[in-house]
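The values are calculated or read from the model by the stated rules, or taken from the named source; none is laboratory data. Remember, it's a predicted structure, so these values are computed and weren't measured experimentally. Positions of Cβ are generated from backbone atoms using ideal geometry, with glycine treated the same way; all protein chains shown enter the neighbour counts.
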Amino acid sequence: MTINVPRGTVDLFGKQLQLFNLIINTARDVMKVYCYDEIQTPIFEEYRLFERGVGETTDVVQKEMFIFGDDENRYVLRPELTAPVARFIVENTLNKQQDLIKLWYAGAAFRKERPQKGRQRQFHQIGIECVGADSPGCDVEVISVFESILQKLQIVTYKLYVNSIGCANCRKDYRNKIKEYYLPKLNKLCKDCNNRYERNVFRLLDCKVQSCRDERTDTPPMKSFLCRQCADFHKCVLDLLSKDGVKYIEDNFLFRGFDYYTRTVFEWRSSQLGAQSEISGGGHYDNLLADIGGDSLPGVGFACGVERLMILLENNNPLVPQKQLVYGIYVDEEQKDAIYSVISSVRAKGIPADMSFITKSVKSQMRQAGKQNAKYVCILGKDEADVGKIKIKNMSTGEEKLVEQNKIFDFLQ
RNA sequence: GUGGCUGUAGCUCAGUUUGGUUAGAGCACCUGGUUGUGGCCCAGGUUGUCGCGGGUUCAAAUCCCGUCAGCCACCCCA
């Protein structure tokens with residue numbers, strides 16, 4: 001019987017883990033420059049947080065959450081991190097201590113879905129939330145932060161899509177208009193779109209089925225339904241983006257799956273990811289804080305998928321620096337303890353050192369040293385031990401030196 | 001939740017169409033070629049419940065049924 005990793009999860013190890021850490025560390029550097037504070041919230045939360053925050057009709061809340069506990073205490077593994085961060089802000093009334101709250105996070109999220117490329121049941125998000133200012137500048141800053149991360153990671157194969165979905169008021173008018181527009185076309189639309197018509201009309205605007213896209217051609221865009229404030233706000237966001245040199249594509253049919261978004265929404269997509277083309281996404285939210293019981297504060301944020309960034313980066317060959325490793329080799333069993341002492345003293349100096357504890361020929365120990373990409377090997381045999389010396393070999397030049405055992409550090413650099 | 005594809009050595013896979021001795025290859029690993037010297041080369045060697053369970057058959061990796069797992073895709077999202 002073998003025990004496997006749970007479905008949709010992976011063990012991170014070796015190169016993959018290096019890549020993972022590279023991404024987190026890069027993000028951390030960028031956050032520092034943009035003056036965001038790191039926050040870590042628990043990996044599980046009360047069920048109600050997501051029911052209220054993300055929305056009880058969303059797919060994520062309806063069918064993708066890992067729920068546990070009992071009727072009195074229902075918990076879920078967090079499916080996203082915006083609602084938990086909002087909860088943190090509300091619970092600690094951070095807005096009473098400062099005007100603008102700028103937080104970033106990196107952590108695992110969980111969704112009970114069928115795994116596929118770029119989609120896991122446990123995945124990791126890096127994200128930020130900027131809460132407290134009703135300014136288009138915040139939306140633009142949030143977008144800039146992720147642009148900056150992409151730049152630092154030298155990722156260029158992506159596109160940024162931006163839209164405004166307005167406030168609750170303008171969206172209500174638009175919803176009616178869309179329903180009216182699609183009503184006579186329902187029999188021409190796919191099964192999913194017929195579903196969407198009832199549950200969330202806007203989603204049928206970005207259906208991938210070609211026949212549905214064909215029916216979309218004359219659809220009035222959201223843009224024409226934005227109220228004065230929302231329209232001004234959106235124009236200001238787009239102007240600032242251009243001034244900031246951020247390249248974006250206006251996508252009037254971009255809508256997102258969480259209920260909390262209002263006004264600005266955005267997504268970064270790459271064609272190199274497989275079907276799950278979204279690298280990162282986010283938007284503005286005016287009602288989330290109030291919805292979960294806090295003061296009415298606007299916010300904006302993004303969340304990116306670390307695993308999706310990893311897919312984009314794993315074709316690049318990261319530079320593997322030559323290892324600063326000293327490998328100890330004993331010729332006979334009698335020198336085993338002595339070479340261990342040598343290794344220990346090297347380690348004590350902070351230099352990586354290793355040896356084989358399995359008695360093998362010098363040849364196989366040399367092979368092991370080569371495999372571990374050692375820079376130097378220290379060879380100790382009877383000949384050397386008798387005169388209190390040790391042989392040091394430089395593995396890249398092949399040069400060998402016989403040196404006093406207490407002077408080896410003069411030769412290891 | 002739905003659909004398609006794939007499960008054979010540690011890894012990548014061939015062999016399945018058309019059932020037939022002892023299931024192969026490359027890589028990796030180990031040993032040797034050098035009394036105590038890596039990479040390259042050469043010689044040799046180790047490794048398999050052919051995913052699992054059942055059925056058909058003289059005979060099953062191969063055909064049939066079931067089941068599990070993985071991948072990819074739909075929905076939705078990171």
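Consider A:ALA385 carefully, then state whether it is out of contact with any strand residue (DSSP E or B) (no Cβ under 6 Å at 6 or more places or on another chain) and either farther than 30 Å from A:HIS284 by Cβ or not assigned by TED's automatic domain parsing to the domain that holds A:PHE258 (or both). Yes: the conditions hold for A:ALA385. The requirement of being over 30 Å from A:ASN169 (Cα atoms), modelled with pLDDT of 90 or more and in contact with a strand residue (DSSP E or B) (Cβ under 6 Å, 6 or more places away or on another chain) is fulfilled nowhere in segment A:291-298; no residue meets it. A Cβ distance below 6 Å, combined with a sequence gap of six or more or placement on separate chains, defines the contacts here; from segment A:359-385, residues that are closer than 17 Å to A:GLU400 by Cβ reach residues that are near RNA strand B (Cβ under 7 Å from one of its atoms) and assigned to a helix (DSSP H, G or I) in the pairs A:VAL377/A:ALA369.
Of all residues in segment A:84-95, those that are within 16 Å of A:ALA106 (Cα to Cα) have Cβ atoms under 7 Å from Cβ atoms of residues that are among the hydroxyl-bearing types (Ser, Thr, Tyr), 6 or more apart or on another chain, in A:PRO84/A:THR41; A:VAL85/A:THR41; A:VAL85/A:TYR105; A:PHE88/A:THR41.
On the stretch given as segment A:359-388, residues that are of a type outside the set (Gly, Ala, Ser), closer than 15 Å to A:GLN335 by Cβ and surrounded by fewer than 18 Cβ atoms within 10 Å (Cβ to Cβ) total 7.
One residue is enough: does segment A:272-284 have a residue meeting the conditions part of a helix (DSSP H, G or I), hydrophobic (A, V, I, L, M, F, W, C), touching a helix residue (DSSP H, G or I) at 6+ places or on another chain (Cβ under 7 Å) and within 11 Å of RNA strand B (Cβ to nearest atom)? Checking segment A:272-284: at least one residue is part of a helix (DSSP H, G or I), hydrophobic (A, V, I, L, M, F, W, C), touching a helix residue (DSSP H, G or I) at 6+ places or on another chain (Cβ under 7 Å) and within 11 Å of RNA strand B (Cβ to nearest atom). Put simply, of A:CYS227, A:CYS193 the only residue that is more than 23 Å from A:THR82 (Cβ to Cβ), away from RNA strand B (no atom under 14 Å from the Cβ) and in contact with a helix residue (DSSP H, G or I) (Cβ under 7 Å, 6 or more places away or on another chain) is A:CYS227. If you go through segment A:257-268 and keep only what is buried (at least 20 other Cβ atoms within 10 Å of the Cβ) and under 21 Å from A:ASN200 (Cβ atoms), you end up with A:PHE258, A:TYR260, A:TYR261, A:THR262, A:ARG263, A:THR264, A:VAL265, A:PHE266, A:GLU267.
Scanning segment A:323-350 for residues that are within 10 Å of RNA strand B (Cβ to nearest atom) and surrounded by fewer than 16 Cβ atoms within 10 Å (Cβ to Cβ) yields one hit, A:ASP332. Looking at segment A:38-58, which of the residues that are surrounded by 16 or more Cβ atoms within 10 Å (Cβ to Cβ) and within 13 Å of RNA strand B (Cβ to nearest atom) is farthest from A:LEU289 (Cα to Cα)? Filtering segment A:38-58 for residues that are surrounded by 16 or more Cβ atoms within 10 Å (Cβ to Cβ) and within 13 Å of RNA strand B (Cβ to nearest atom), the one farthest from A:LEU289 (Cα to Cα) comes out as A:THR58. Just wondering, is there one or more residues in segment A:132-142 that are within 18 Å of the chain's Cα centre (by Cα) and surrounded by 19 or more Cβ atoms within 10 Å (Cβ to Cβ)? Yes, the conditions are met somewhere in segment A:132-142. Within segment A:334-366, being modelled with pLDDT under 90 and either of a type outside the set (S, T, N, Q) or not assigned by TED's automatic domain parsing to the domain that holds A:ILE379 (or both) holds for A:PHE357, A:ILE358, A:LYS360. Annotation note: Cβ proximity below 9 Å between a residue of segment A:203-221 that is over 24 Å from A:ASP259 (Cα atoms) and among the polar types (S, T, N, Q) and a residue that is away from RNA strand B (no atom under 11 Å from the Cβ) and assigned to a helix (DSSP H, G or I) (sequence gap 6+ or interchain) occurs for A:SER211/A:LYS188. Would segment A:351-358 turn up any residue that is over 12 Å from A:LEU325 (Cα atoms) and near RNA strand B (Cβ under 10 Å from one of its atoms)? Yes, the conditions are met somewhere in segment A:351-358.
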